[in-house]
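Heads up, the thing below is written out as structure tokens.
The values are calculated or read from the model by the stated rules, or taken from the named source; none is laboratory data. Computed from a prediction, not measured in an experiment: that's the story for all the values here. In this analysis, Cβ positions are derived from the backbone assuming ideal geometry, glycine residues included, and neighbour counts consider all displayed protein chains. What goes into the accessible areas is simple: the full protein's heavy atoms, side chains included, and nothing from ligands, DNA or RNA. Shrake-Rupley method; radii C 1.70, N 1.55, O 1.52, S 1.80 Å.
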Amino acid sequence: MSDASPALRLATLDDANAIEALMKASTRDLFRSFYSYEQTRSSVNHIAVIDPMLIEDGTYFVIEVNGELVGCGGWSRRDKLYTGSGPGAEDARLLDPTTEPARVRAMFVRSDWTRRGLGTRILEASEAAAKAEGSGCCR
């Protein structure tokens, strides 16, 4: 692990491969403490999958140290709950910020960087961004 300070920034589409690799590694390494082998394997295949719409919407963050991603996550102003839910007719529908809170989405931290407040930083940045857009946050 590095002594460098973790830097939070908005994700770009250039980060997509690194984000998906982080999601899969985090799920593989952390889920096995709580779930069976089969459940973990299924989660790697179906839950730890990037949703490019979050990046395109500018609502997805990454945390990096020395150019390596160690955390990711964000929020959504759309109706989709998670990537593993499969495509749905309402996925791209914008939520009504007056009646539907923004949604926290796809939070992952690399296993050697857990318990250091990275998820909290992403959640706080997501909350602030959603509130700045007039959305109640977050579900």
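Only DSSP H runs of four or more residues enter the estimate; each adds -39500 (n - 2.57), and after division by the residues of the chain the mean residue ellipticity at 222 nm equals -10000 deg cm²/dmol.
When the trypsin sites (Lys or Arg not before Pro) in segment 28-70 are filtered for DSSP coil states and for at most 15 other beta-carbon atoms within 10 Å of their beta-carbon, the remaining sites are Arg32. Per-residue SASA remark: Asp29, around 40 Å² accessible (1.4 Å probe; ligands, DNA and RNA not included). When you filter the GluC sites (Glu not before Pro) in segment 1-72 for DSSP loop state and at most 10 other Cβ atoms inside 10 Å of their Cβ, nothing is left.
Rolling a 1.4 Å probe over the protein chains gives Thr120 an accessible area of about 80 Å².
Taking only protein heavy atoms and a 1.4 Å probe, the accessible area of the chain is 52% carbon and sulfur. Could you list the residues of segment 52-71 with an amide nitrogen less than 17 Å from a label point located 7 Å from the Cα of Ala7 in the Cα-to-C-beta direction? Output list for this probe position: 61-71.
Figure legend: label point modelled 7 angstrom from the Cα of Glu68 along Cα→Cβ; residues of segment 15-34 with amide N under 20 Å from it are 15-31.
Legend: translational diffusion of the chain by Stokes-Einstein, Rh = Kirkwood radius over C-alpha pairs, 4 °C, 1.567 mPa s; D = 84 µm²/s. The loop-placed chymotrypsin sites (Phe, Trp or Tyr not before Pro) in segment 10-117, going by DSSP, that have at most 12 neighbouring Cβ atoms within 10 Å of their Cβ come out as Phe34. Given a Förster radius of 35 Å and the C-beta distance between Glu133 and Glu20 as r, what FRET efficiency does 1/(1 + (r/R0)^6) yield to the nearest 0.05? After rounding, the FRET efficiency stands at 0.85.
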